[in-house]
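None of the figures in this text is laboratory data; all of them are computed from the coordinates on show. Because the structure is a prediction, the values reported are computed rather than measured. Because the Cβ atoms are built from the backbone with ideal geometry, glycine has one as well, and the counts that use them run over all protein chains shown.
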Amino acid sequence: MKNYLDCRNNTEYEKLKEPARIIKNGGIVVFPTETVYGIGANGLNEEAIKNLYKVKRRPLNKPISLLVNSIEMVNKIAKDITELEYALMKEFFPGPLTIILNKKALVPDILTSNSNTVGIRMPANEIALKLIEYSGVPIATPSANISGKPSGVNLKEIIKDFEGKVDYFIDGGPSKIGISSTIVQVVEGIPEILRQGSITKEQIEEICSKFKK
C-alpha cells in the first residue's frame, strides 16, 4: 500500500521523516502509541485540525489533546504550570497520562473547543516520539477510530475506516496497553481524574502525598 511504513520490526526511524513532513505541512497520519493508535495532525495548524475533526467525524465540542516529546515543548504551548503539575509530568511522562494545562495563545481555539486549557501527553512509544521530534510541532492526536467506535489498537482494522481519507499510515504492531490514557486536571492543588486509564488514582495520589511533605 502506498504511503504505508512498516515499523513492526524496523528501527530505521529516519524513514519517519516523510510522515513527519506530511504532518508539519498540514496532512494527517495514523501512527502507534503505547495506549492506542492515534490519528494526528499539526497541533498548531487550524486548517489541519479542522480536517482532523472531519475525517474522524468528531464533534467540534470535543477537545483534542496534543502529543509532545519534551517538557520544553510543553512549556511552548502551556502556561502557569504549577510545581505539582510539573511533578506529575516528571513521574508519568513519557507514559499513559494526559494532563490538562492552561494553554498559550498559539494553540488554536478549535483544538480546545474554545476552552483556555489543553490536554497534553508524552507517549512512551519511540515511533510516536520520533514523529513528533521530526515534525517539530506538537501533534493533535485523538484515538484512531471513527467517533463512537472502539479505539483502534491494530492498524489492520484502522485502515478499513481511514484508507483514502488520511495521508499516511505507520504500523507499529498491536498497541501494548490497549486502552486510552488517564486524564488528570489539577484544580486548586487537587488532582481530579477526568478519564480513568492504566494509571490509577492511587498512583497519582501517591505523587501528591510526596509532594506535600
For the range 66-164, what log10 I(q)/I(0) values come out of the Debye formula at q = 0.13, 0.17 1/Å, with one point per alpha carbon and no solvent?
-> -0.51, -0.84
What relative contact order, as a whole-number percentage, does the range 4-212 give when Cα pairs under 8 Å and 6 or more residues apart are counted?
-> 32
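Counting DSSP beta bridges with both partners in the chain, what percentage is antiparallel, nearest 5?
Working: 19 of 30 bridges.
Roughly 65 percent of the beta bridges in the chain run antiparallel, per DSSP.
Take the Cα pairs of the range 14-129, get the Kirkwood Rh, then feed it into Stokes-Einstein at 37 °C and 0.692 mPa s and tell me D in µm²/s.
Numbers: Rh = 14.6 Å.
The diffusion coefficient I find is 225 µm²/s.
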Approximate shape of the chain as ellipsoid semi-axes (Cα gyration tensor, √5λ), whole Å, largest first = 27, 18, 16
Put +1 on the Cβ of each Lys and Arg and -1 on the Cβ of each Asp and Glu in the chain; which of PRO59, ASN125, GLY27 then has its Cα farthest toward the positive end of the dipole?
-> PRO59
The residues MET122, MET89, sorted from fewest to most surrounding Cβ atoms within 10 Å, come out as MET89, MET122
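Can you put ILE177, ILE77 in order of Cβ neighbours within 10 angstrom, beginning with the fewest? Walk me through the intermediate numbers first.
Numbers: ILE177 17, ILE77 22.
The most exposed by this proxy come first: ILE177, ILE77.
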